[in-house]
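Every read-out reported here was derived from the displayed coordinates using simple, explicitly stated rules and does not represent laboratory data. Since the structure is predicted, the reported quantities are computational estimates derived from the model, not experimental observations. Cβ placement follows ideal geometry from the backbone for every residue including glycine, while neighbour counts extend to all protein chains displayed.
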Amino acid sequence: MAKNTVIQKILAAHMTSGNPVRGERMAIRIDQTLTQDATGTMAYLELEAMGASRVKTELSVSYVDHNMMQNGPENRNDHLYLQSVAASKGVVFSRPGNGICHQVHLERFGVPGKTLLGSDSHTPTGGGIGMMAIGAGGLDVALAMAGQPFRLAYPEIIGVKLTGKLRPWTAAKDISFKLLEILTSKGNVGCMVEFFGEGVKQLSVPQRATVANMGAELGVTCTVFPSDEITRAFLKAQGREEAWIPLQADPDAEYDRVIDIPLDSLEPMASCPSSPDNIKTTAELAGLKVGQVIIGSCTNSSFRDLSLVAAVLKGRHVHPDVTLAIAPGSRQVLEMLARSGALADLIAAGARILECGCGPCIGQGQSPANGTVTVRTFNRNFPGRTGTKGDQSYLVSPETAAAAAVFGEFRSAAELGMDYPVISDPEHFLIDDSMTIRPPADGSAVEIIRKPTIGTPPLNTPLPEELLGEVVIKTGDKTSTDDIMPAGIHLKHRSNIPEYAKVVFERFNEPGAPTFAQRAAAVRDAGRHGVIIGRDSYGQGSSREHAAICPMYLGVKMVVAMAIERIHAANLINFGILPLTFADRNDYDRLDRGDSIRIPALREAVMKDEITAQVTRKDGSKFDLVLKCSLSDEDRRIILAGGRLNLK
C-alpha cells in the first residue's frame, strides 16, 4: 500500500529528471509562475535576453504590488514596461492596486496539486490550497516561463501534525511562531514542510495560507497543506470550484521527521527584534509601550483577518499614542470590507487605510519614529527593514495587533472584555477581475515600452583561470538579502543596476569611510576579484536576485560562508559568483577584511568538491584555506560560463 505524502505525490507528478532520493539533484516541471514588480522587471528583461517569444507555462502572472509609491518616474516606467512585455509574451498582468501577488494568486489563480514558481520568497503562501509553491530568483522564474524545468534537491520532508483546536485569541500565526521556535530560521535548507492531522480541518484556507507564508522564514523550500473539502469550499466561493482536486497524504505516510503541535496548547506569541525566530509569548511582553501598529502584508491581510480586526475595533478608538495603518491584501478584500461595513468601523476607530500592496512590509512608507516599538502582522523584522535604523519591530497576529492598537501596549487580547469574534469564510467572495489584463492570443505586434530608466541585465565574465581575490567585507550570522540589497527608498532603482549597486551593504557602511560599493569597485578596477565572507545562514530572507547581480556588477567573484541559504545560493550561481562553504567553521575567525585570497587553476579547482585557497593576511602571515564546493555538474557549468545568461 502506498505511503506517500502530499509533497511526494506532487513531485512524482512533475519530476522531469532525477530520482526520489533525499539530497539527490532533480528537476520538476513548473505549471505556473508569478512575478512582482520589484523582481519582475529584471526577470522579463532576462526572458527577453533568452530570446523567448512566448511563455510556455500553463499560466504566468505579472503583479505590481511592491513599487507603488511614484516619487519620480522610475516606478511607473517599470509598470509600463511590465504591462507591455506581459502582453507581448503571453502573461496575465495584475494592475497596480489589484493587490499583493500572493493574496491575489491564492484567490484567483492557485490550483491544488500544481507547481508554482515565484520571484518572491513568500510564494509558499500557495501551499495553503495544496500547491507546491516555491520562491526563487527572477532568472530561475524566467527560465521556467521559457519552458525550462526547475532544479532542486529531493527534499527532506518534515511532517507537522496538528491536533486539537486553537483557543480564542490564539491565531494561526502562532503555529508559525511555534515552528520558528522549534526549527529556527536557519539550518533548514533542502527541507519541505507538510501539515497533516485532525487539526488541519480546524483551519480555514486564509489561516492555512498564513502558516504556509511564514514557512519562508524557516528557510524551507515550500510549505504544503492538503487539499480537502475546506479547500473546495474556498475555491467554490471564489467561483473556481472546477480547479479543485482532493489531495491528501496516504494513510501511514512516512515523513523524515514529525513535529507534533497540539493547537489547544498554543498561546499568543510574538517575533521580537530583529529576527523572525526570536520568539516570546505576548504575556512576557505585557506592558511594553507601542507607538505604531500596522496590519496587513501577504501574511495577514485576508478578508477574515481584517474583518476580525474591524470587529475588535468597532465602537473603540485607537490609543492616542498609537498610529494604526491597515493594508488590505487585495482589491477584493478592500471592496468586501467596504460593502460589509467593516471598513467604516476601521476608519471610525482611527485607522489609516493604505493601498492594496506590500508597502511598509518592505520599508515603502510608514517607517516608525526613532526609539518606537512598531507592532506588525508581517513576516520579517530584519534590522532596518522598516526604513528606520535601529528599529524595534515585533511580528504578531491580527488579534494581538488589534489589542495593542487599543491599549497602546502589549496586553492580552482577552482583556478587551469581549467574546472572540467568529469570522466565517463567505459563501461567495466578490468576484471582479477587471484589474487583471489577459494577453492577446498573438503578442507579436505589441510594442514593448522602454522608458529611459529601463536597463538591461548585466553579464558577468567567465570564471578566470586564477582567482586573485580580496576580502571586501566580513559579516556575521543571518546576513539577509535586506542587508545586502536594501529595499525601501532604493527599490525604485531595481532596473538601474549601476545606480542600485551604490547601496550594496549600505547598513554596514561607516560614516566618513569608503562604502562597500567604493571598496569593491576599487578592487575590481585594480584587476582583482572581490570576496565576501559570511557566517551562518548567509543570504536568508527575500529572493531578490539583485543581492547577487549588484555585487557581481561590482566585481565580486566569490562568497564564502558557513552556510548559504537556498535561493541566494542559486542566485549567486545564476550570475557567476562562486558560493563556497568553510570545511572548518573555525576558519571564519582567521579571516578579515583586506586579506588576500588566491586560488590558482581556479577553473580546474571548481570541478572538485574541495578547493584549497592560499590566504595572505594583512600582517603578511599566510595559511591554506580549505573550502567545500558543493555544486551539481550543471551548477559548475554555469559558474565556468560566468552565469546562466552566458550559456548558449
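What ranking, highest mean first, results for peptides 497-508, 212-223, 120-131 when packing means the other Cβ atoms within 10 Å averaged over each residue? Each step should come with its number before you reach the end.
Working: 497-508: 18.9, 212-223: 27.8, 120-131: 30.2.
My ranking of the peptides, most packed first, is 120-131, 212-223, 497-508.
When the Cα convex hull of region 467-646 is projected onto planes of every orientation, the mean area is 9.9 nm².
Between Lys622 and Val258, the modelled labels are 5.7 nm apart [label points 7 Å from Cα along Cα→Cβ].
Residue by residue, region 378-392 carries 3J(HN,Hα) couplings of 8, 10, 9, 9, 4, x, x, 5, 6, x, 10, 5, x, 5, 10 Hz when phi is fed to the Karplus relation 6.51 cos²θ - 1.76 cosθ + 1.60 (θ = phi - 60°); x denotes Gly or Pro.
Considering only alpha-carbon pairs that sit under 8 angstrom and 6 or more positions apart, the relative contact order computed for the chain is 14 percent.
Taking only Cα atoms of region 543-648, what ratio of Rg to Rh do you get with Rh as the Kirkwood inverse-distance radius? Provide the component values of the computation, followed by the final result.
Working: Rg = 13.8 Å, Rh = 14.3 Å.
Result for region 543-648 is an Rg/Rh of 0.96.
Measuring nothing but how far apart in sequence close Cα pairs (under 8 Å, 6+ apart) lie, relative to its length, region 6-265 scores a relative contact order of 23 percent. Kindly express, to the nearest 10 degrees and within the range 0 to 90, the angle between helix 331-340's C-alpha long axis and the longest C-alpha principal axis of the chain. Tilt of helix 331-340: around 20 degrees.
Inverting the pair-averaged 1/r between distinct Cα atoms of the chain gives 24.9 Å as its Kirkwood hydrodynamic radius.
One Cα centroid belongs to region 238-291, the other to region 480-506; the line between them spans 32 Å.
Annotation: region 1-156 has a Kirkwood hydrodynamic radius of 15.9 angstrom, from the mean reciprocal C-alpha pair distance.
Out of all Cα-Cα pairs in region 1-84, roughly what percent, to the nearest whole number, are more than 16 Å apart? Roughly 65 percent, once rounded to a whole number. Relative to the 2.2 N^0.38 Å rule of thumb, region 269-414 has a C-alpha radius of gyration ratio of 0.94. Taking amide H positions as modeled 1.01 Å from N, with prolines and chain starts lacking one, the residues under 5 Å from His529 and 5 or more places away or on another chain are Leu468, Gly469, Glu470. Between 0 and 90 degrees, the angle of helix 74-89 with respect to the longest Cα principal axis of the chain falls at about 90 degrees. The distance between label points at Ala12 and Val446 comes to 3.8 nm (points 7 Å beyond Cα on the Cα→Cβ vector).
Wrap a convex hull around the Cα atoms of region 486-590, take a quarter of its surface area, and give that in square nanometres. Please list the in-between numbers first.
On the way: hull surface 28.8 nm².
Across all orientations, region 486-590 yields a mean hull projection of 7.2 nm².
Here the label points at Asn71 and Glu465, each 7 Å from Cα along the C-beta direction, are separated by 5.0 nm in the simple model.
Show log10 I(q)/I(0) for region 231-317 at q = 0.14, 0.25 Å⁻¹, two decimals, from a solvent-free Debye sum over equal Cα scatterers. At q = 0.14, 0.25 Å⁻¹ the computed log10 ratios are -0.94, -1.31. For region 387-489, the Cα-based Rg and Dmax, in that order, read 25.5, 71 Å. Shown here is the pair-distance distribution of region 6-265: with all Cα-Cα distances grouped in 10 Å bins from zero up to the longest one, the shares run 7, 31, 35, 20, 6, 0 percent. Take every Cα pair under 8 Å whose residues are at least 6 apart in sequence, average their separation, divide by the length of region 54-152, and the relative contact order is 27 percent.
Using only Cα atoms, tell me the angle between helix 398-407 and the longest principal axis of the chain; keep it within 0 to 90° and round to the nearest 10. Helix 398-407 sits roughly 70 degrees off the main axis of the chain.
Using θ = phi - 60° in the Karplus curve 6.51 cos²θ - 1.76 cosθ + 1.60, the 3J(HN,Hα) couplings for region 170-178 round to 9, 10, 4, 5, 5, 5, 5, 4, 5 Hz; x is entered for Gly and Pro.
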